[in-house]
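Asks: Take this structure, written in C-alpha cells, and hold onto it; I'll ask about it next.
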Amino acid sequence: MKIRGNDPANDPSSILYQRCTIDLPARAVRMEDVPCRNVEDVLGGFGRSFQVLAERTITDPYSPENPLILNTGLLTGSNVMTGMRSYFSAYSPLKKSGKGLPGAMWSAGSGDFGNRFKWTGLDEVIFEGCADIPIYVVLRTGESGPQVEFHSAEHLLGLNAHQKIMSLAAAHPGGHFAVIGPAGENYRTVRMGAIALSTEGQLKSDQPKMRFAGRGGLGSLMGYKNLIAIVAISSLKLDKITFAIRDVNRDIVKSPGSARFQPASQGGGGGTWANIEVLEAFHAVPLNNFRPKGNDDVKKLYRDQVEKVFDIASEGCFRCGIRCHNNLYVRNEDGSRGKLAAKFDFEPLILFGSNLGVHDPKQVAELIHLCDSLGMDAISLGTTISYLLDYNERHPEKPLLNGATFGDFEKVRELIEQTGRGQAPALGQGVRRLSEEVGETAYAMHVKGLEIPAYLADTNPGYLFAIAGGHMSMGTHMLYAKEGKSTVEEWTQAITTTGLLQVGYDMVGLCKFVGLGIGHDLIVTGIRETTGLQISSEQVIAAVRRAYLRGLALELRQGYSDEEYTLPPQVLSSPNPKITLPSFITEEFLAQLRKKVWSVFLPEMEGLLPDK
C-alpha cells in the first residue's frame, strides 16, 4: 500500500492499494494503484472485495464474468501476531438463493501464503475469465515491482493438494502456494472444493500441514477458471518489532480469549477441541446428522481417549504463540513419533466423527486426512454425508449411492474418495441441492444453502444472519451453552451488535483466535504501529458493520427471501429431548427475531450497494 495520509476515516483516498488484474484467457496483466473509497477498502479482506462483487451482476457462478478475488488485510504480513491471513472472494458455486442465484462469498485461510503474497508488493489480484488450458500463476517481487508469470499446470493434474504443493516447492524455492486438489479439478460435480495453503512446517517436513480457505467452494471456482495453483515468491519482509508491538503480542497471548485455544499442557483450553466437553455436558455435540442421542459415544473422541492412540502435538502458525493446532502423529512401536495422521480441530473431528457415527479416533483421522488431501471443505462435505447416511437409514429399501449408514467407516471412506474424484455428484453438489433433489429437506442441515458447522442449529438462531458460514461470520454459536441467552430481545441484541463483528477479523488480516473484540485497543495499536494510520476503535467497528451489512444486502439482491432466513425444519418441528438445554426456538420465535433484526439492519443497509 501507498500511504500518503494518516486519517483513513476522513481521507481514505490518500491511501492506495496495489491491484493486479489478470485476464486469464489473454494472459494479460494490468497493475494499478487504486485509491481507497472508505475505511473498508483500507482494512481490506472481504470489506474491500465485496464492494467489487457488488458491481457485478452474476447469475451463474461458473461464468467468465464471475471474478476470483485474492487479497489480504491491513495487518497481513506484519509483526502483529496471527497477521498472515489471505482471502478469496467470489460468487459461490455452492451457496445459492431460492431463486437459484449464487451468493457472494469469501473464504479465509492462514498458512504462509498470505505473507508471501503481501510481500510481493500486491494487495489484491482479480482473476478474470478462464484460461484455455490448466495453468498456474506465479506472483513474485521484481526489481521494478511485482511480476506475473504463467506456467502450464498439466503435470499437476490428478495430484492431491499436498503433492501439488511439494511439486511446486521443488520448482519454485522460496515460494508459498495456494492450490486446489482433485475436487477443484472436478468442479462440475464438486461444488465444495477448497483452496489449500502451504505452511513452513509443511515444506520443511514434507508432511501435509496445510491450511485451508474452505468455505463456499472457491476452490471449485479456481478449477472452473483452469487456475490450478497460485505461487507467491518474495523475501522475508518483516519490520523490526517495536516495543509497542511486542506488548500487543504479549497481551494477545495472555488474553483470556486466546488462552482457550492454547496448549492444554500450558494451562490453555487445548484449541477448539475443548468445545467438545463444554457442549457434551448438555448432550449438545452433533451425533448422527446433528441429532444427539443422550449417550456417551462422543466421549470416545475426548482428548484423553485420543491420547491413548496418537502422539498429540500443539503447534502454531508462523511466528504465532497461540499454538492452537492439535496435530496427531502416529505412535511408532518403539514409542517414537511417526508421520502426521491428521489435524484435529473441533469441526472436522465432529463432522467426520460422531456426526457420522464414527467414534474410532484412527478412523476419524483417516477420513479427515482424505478430505484434506482431495481438497474439499470439511464442513460442507461432512454435513452432506451425514444427510445421506440419515436418508439411507430412513429408506433402507432404496438407499442412495453405496447404501452407507451411520458408523459404516469403509463405505464413508469410499464416499469421500468418490466425491473428491468427481464420481459422486449427489454429494459434491452440497446438502441443499441433494435434499431438494430427493425431496426431503427437513433434516438437511444448511442455512441459506451453506452447510452448518459442528454447532447445533437447535442452540443458535444466529445462523439466520450469518453471511459466509455459520460460526465464522456470526459469533453466536456458543452463546446459549455458555450464557443461556434465550429471549428474542437477547438474540436481537447479540446478532445486531457483537455477533456480526466476528467478520472484522476477515478484513484486517488477523485470526479470530486472537480472542479479542475487533474494536479492542490492541487492534487499533497494531494498526497504528505497523502503518502509521490514526484510526479509532469506533471507526473500525463502523467499517466492519458496514461491510457486514453490505454482505447482507448482497444476499437480498441475489434473491434470498425472508423465508430463507430460517433453520432446518426438523429443528422447529421436532425438538430433540436428548439435549438437556431447554428448547426455545420455535417458528414464532424466529418470526419475531427476523422482524426485530431487520428493523435494525434494513435502514442501515440503504445506499450500501451501487445502483444497477
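Asks: Tally Lys/Arg at +1 and Asp/Glu at -1 over every other residue whose Cβ is under 9 Å from the Cβ of residue 193; what's the total?
Replies: Working: positive: 191; negative: 185, 377.
Counting the neighbours of residue 193, the net charge comes to -1.
Asks: Got a sec? Which residues in the stretch 369-387 would a label at residue 440 touch, if it sits 7 Å along Cα→Cβ and we count backbone N under 12 Å?
Replies: Those under the cut-off are 387.
Asks: So how far apart, in nm, are the two label points at residue 423 and residue 205 if each is 7 Å from Cα heading toward Cβ?
Replies: Once both label points are built, they end up 3.1 nm from each other.
Asks: Right, here's the next one. Taking the Cα atoms of the chain, report the difference between the largest and smallest coordinate on each principal axis, in whole Å and largest first.
Replies: 66, 58, 50
Asks: Once you wrap a convex hull around the alpha carbon atoms of the stretch 314-366, what is its projected area averaged over all directions, in nm²?
Replies: Numbers: hull surface 17.4 nm².
Averaging across all directions leaves 4.4 nm² for the Cα convex hull.
Asks: What does DSSP give for the chain in terms of the percent of beta bridges that are antiparallel, rounded to the nearest 5?
Replies: Values: 57 of 68 bridges.
That works out to approximately 85 percent antiparallel.
Asks: Further question: Need one number: % antiparallel among DSSP beta bridges in the stretch 2-233, to the nearest 5.
Replies: Details: 44 of 55 bridges.
That works out to approximately 80 percent antiparallel.
Asks: Now for a separate question. Report the rotationally averaged projected area of the stretch 337-459 based on its alpha-carbon convex hull, in square nanometres. Kindly include the intermediate steps, with their values, before the conclusion.
Replies: Values: hull surface 30.6 nm².
Spelled out: convex hull of the Cα atoms, projected over all directions, averaged, 7.6 nm².
Asks: To continue, here is another question. With unit charges on the beta carbon (Lys/Arg positive, Asp/Glu negative), name the residue among 6, 142, 182 whose Cα is farthest towards the positive pole of the charge dipole of the stretch 2-233.
Replies: Result: 182.
Asks: How much of the calculated P(r) for the stretch 546-612 lies past 16 Å, in percent of all Cα pairs?
Replies: Details: 1267 of 2211 pairs.
Everything past 16 Å amounts to 57 percent.
Asks: Give me the extension gain from residue 266 to residue 542: residue separation times 0.36 nm, minus the current Cα-Cα distance, reported in nm with one decimal. Could you put the intermediate results ahead of the total?
Replies: Values: separation 276, 0.36 × 276 = 99.36 nm, distance 3.65 nm.
Once the chain is fully extended between residue 266 and residue 542, it gains 95.7 nm.
Asks: Quick check on the chain: helices-only [θ] at 222 nm, where DSSP H runs of length 4 and up contribute -39,500 (n - 2.57) each and the sum goes over total residues. Nearest 500, please. Before the final figure, lay out the partial values.
Replies: On the way: 24 runs with 209 residues, N = 612.
Here the helix-only value at 222 nm equals -9500 deg cm²/dmol.
Asks: Rounded to the nearest 20 debye, what is the charge dipole size of the chain about its Cα centre when +1 sits on each Lys and Arg Cβ and -1 on each Asp and Glu Cβ? It would help to have the intermediate numbers written out before the result.
Replies: On the way: 63 positive and 68 negative charges, 142 e Å.
My answer is approximately 680 debye.
Asks: Okay, next question. Using the Cα centre as the reference, give the magnitude of the dipole from point charges on the C-beta atoms of the stretch 2-233 (Lys, Arg: +1; Asp, Glu: -1; all else neutral), rounded to the nearest 20 debye. Could you put the intermediate results ahead of the total?
Replies: Details: 23 positive and 21 negative charges, 126 e Å.
The calculated dipole for the stretch 2-233 is roughly 600 debye.
Asks: Choose one of 16, 104, 133: the residue whose Cα lies farthest towards the positive end of the charge dipole of the chain (beta-carbon charges +1 Lys, Arg; -1 Asp, Glu; about the Cα centre).
Replies: After comparing all options, I get 16.
Asks: If I model a spin label at residue 592 and residue 397 as a point 7 Å from the Cα along the Cα→Cβ vector, what separation in nanometres do I get?
Replies: It works out to 4.3 nm between the two label points.
Asks: Let me ask you something else. For the stretch 347-397, what is one quarter of the convex hull surface built on the Cα atoms, given in nm²?
Replies: For the stretch 347-397, averaging the hull's shadow over all directions gives 3.5 nm².
Asks: Please work out the FRET efficiency for the pair residue 171 and residue 7, using the Cβ-Cβ distance as r and a Förster radius of 51 Å; give the result to the nearest 0.05.
Replies: E between residue 171 and residue 7, to the nearest 0.05, is 0.70.
Asks: I've got another one for you. Ignoring any ligand, DNA or RNA, what whole percent of the accessible area of the chain comes from carbon and sulfur when the probe is 1.4 angstrom? Could you put the intermediate results ahead of the total?
Replies: Details: 10190 of 21000 Å².
Of the solvent-accessible surface of the chain, carbon and sulfur hold 49 percent.
Asks: Using the C-alpha gyration tensor of the stretch 103-157, what are the square roots of 5 times its eigenvalues, in whole angstrom, with the largest one first? Working shown, then result.
Replies: Numbers: eigenvalues 80, 67, 31 Å².
Equivalent ellipsoid of the stretch 103-157: 20, 18, 12 Å, largest first.
Asks: Which are the unpartnered cysteines of the chain, meaning those with no other cysteine Cβ under 4.7 Å from their Cβ?
Replies: Unpaired cysteines in the chain: 20, 36, 130, 324, 371, 511.
Asks: Quick check: net charge around residue 71, other residues with Cβ under 13 Å of its Cβ, Lys/Arg +1 and Asp/Glu -1? The partial results should precede the final answer.
Replies: Working: positive: 19, 48, 85, 118; negative: 40, 41, 123, 124, 506.
Its environment carries a net charge of -1.
Asks: Ok, one more. Sorted by packing (mean other beta-carbon atoms within 10 Å per residue), highest first, where do 295-304, 60-69, 182-191 land? Mind dumping the intermediate values first?
Replies: Details: 295-304: 15.6, 60-69: 18.5, 182-191: 25.5.
So the order, starting with the most tightly packed, is 182-191, 60-69, 295-304.
Asks: Oh, and also: Only loop residues by DSSP count here, and only those with at most 13 other Cβ atoms within 10 Å; note down the GluC sites (Glu not before Pro) in the stretch 335-437 that meet that. Walk me through the numbers before you get to the answer.
Replies: Values: sites: 366, 393, 397, 410, 414, 417, 436, 437; in loops: 397.
Of the GluC sites (Glu not before Pro), the ones in loops of the stretch 335-437 whose Cβ has at most 13 other Cβ atoms within 10 Å are 397.
Asks: Separate question: Taking every alpha carbon pair in the stretch 2-233, what does the distance histogram look like in 5 angstrom bins from 0, in percent?
Replies: Percent of Cα pairs in each bin: 1, 7, 15, 20, 21, 17, 11, 5, 2, 0, 0.
Asks: Can you give the three extents of the C-alpha atoms in the stretch 1-62 along their principal axes, from longest to shortest, in whole Å?
Replies: Dimensions of the stretch 1-62 along the principal axes of its Cα atoms: 40, 25, 14 Å.
Asks: Tell me, in nm to one decimal, what length is gained between residue 302 and residue 478 on full extension, where the rule is 0.36 nm per residue of separation less the Cα-Cα distance? Before the final figure, lay out each step's value.
Replies: Numbers: separation 176, 0.36 × 176 = 63.36 nm, distance 1.86 nm.
Between residue 302 and residue 478, full extension yields an extra 61.5 nm.
Asks: Go through 44-53, 480-489, 162-171 and give me the packing order, highest mean Cβ count within 10 Å leading. Walk me through the intermediate numbers first.
Replies: On the way: 44-53: 25.7, 480-489: 15.4, 162-171: 19.3.
Top to bottom by mean Cβ count within 10 Å: 44-53, 162-171, 480-489.
Asks: Give me the number: length gained by fully extending residue 241 to residue 313, i.e. 0.36 nm times residue separation minus the C-alpha to C-alpha distance, one decimal in nm.
Replies: Result: 23.1 nm gained on full extension.
Asks: With a Förster radius of 45 Å, plug the Cβ-Cβ distance of residue 157 and residue 556 into 1/(1 + (r/R0)^6) and report the FRET value to the nearest 0.05. Show your work: numbers first, answer last.
Replies: Details: r = 39 Å, r/R0 = 0.87.
In this case the efficiency is close to 0.70.
Asks: Provide the per residue accessible area, probe 1.4 Å, for the chain, rounded to a whole number of square angstrom.
Replies: 34
Asks: Jot down the radius of gyration and Dmax of the stretch 271-422, Cα atoms only, both in angstrom.
Replies: So, for the stretch 271-422, Rg and Dmax equal 15.7, 55 Å respectively.
Asks: While we're here: Beyond 22 Å between alpha-carbons counts as too far, so tell me which of 164/339; 448/595; 485/578; 225/512; 308/339 fall in that bin. Kindly include the intermediate steps, with their values, before the conclusion.
Replies: Values: 164/339 19 Å; 448/595 18 Å; 485/578 19 Å; 225/512 30 Å; 308/339 16 Å.
Over 22 Å apart, Cα to Cα: 225/512.
Asks: Taking the inverse of the average 1/r across all pairs of different Cα atoms in the stretch 160-256, what Kirkwood radius in Å do you get? Mind showing how you got there, number by number?
Replies: Numbers: mean 1/r = 0.0665 Å⁻¹.
One over the average 1/r among Cα pairs gives 15.0 Å for the stretch 160-256.
Asks: With 19 Å as the cut-off, how large is the P(r) tail for the stretch 37-106, expressed as percent of Cα-Cα pairs? Mind showing how you got there, number by number?
Replies: Details: 940 of 2415 pairs.
For the stretch 37-106, the fraction of Cα-Cα distances above 19 Å is 39 percent.
Asks: Also, quick follow-up: Could you give the radius of gyration (one decimal) and Dmax (whole number) of the Cα atoms in the stretch 196-329, in Å?
Replies: 18.9, 54
Asks: I've got another one for you. Note down the net charge around residue 338, summing +1 for each Lys or Arg and -1 for each Asp or Glu among other residues with Cβ under 11 Å from its Cβ.
Replies: Details: positive: 331, 337, 339; negative: 311, 333, 334.
Taking every Cβ under 11 Å from that of residue 338, the sum is 0.
The values are calculated or read from the model by the stated rules, or taken from the named source; none is laboratory data. In this text the structure is predicted, and so the values were computed from the model without any measurement. Methodologically, a virtual Cβ is constructed for each residue, glycine included, from the backbone with ideal geometry; neighbour enumeration extends over all protein chains shown. These area figures cover heavy atoms from the full protein model, side chains too; ligands, DNA and RNA do not enter into them. Shrake-Rupley method; radii C 1.70, N 1.55, O 1.52, S 1.80 Å.
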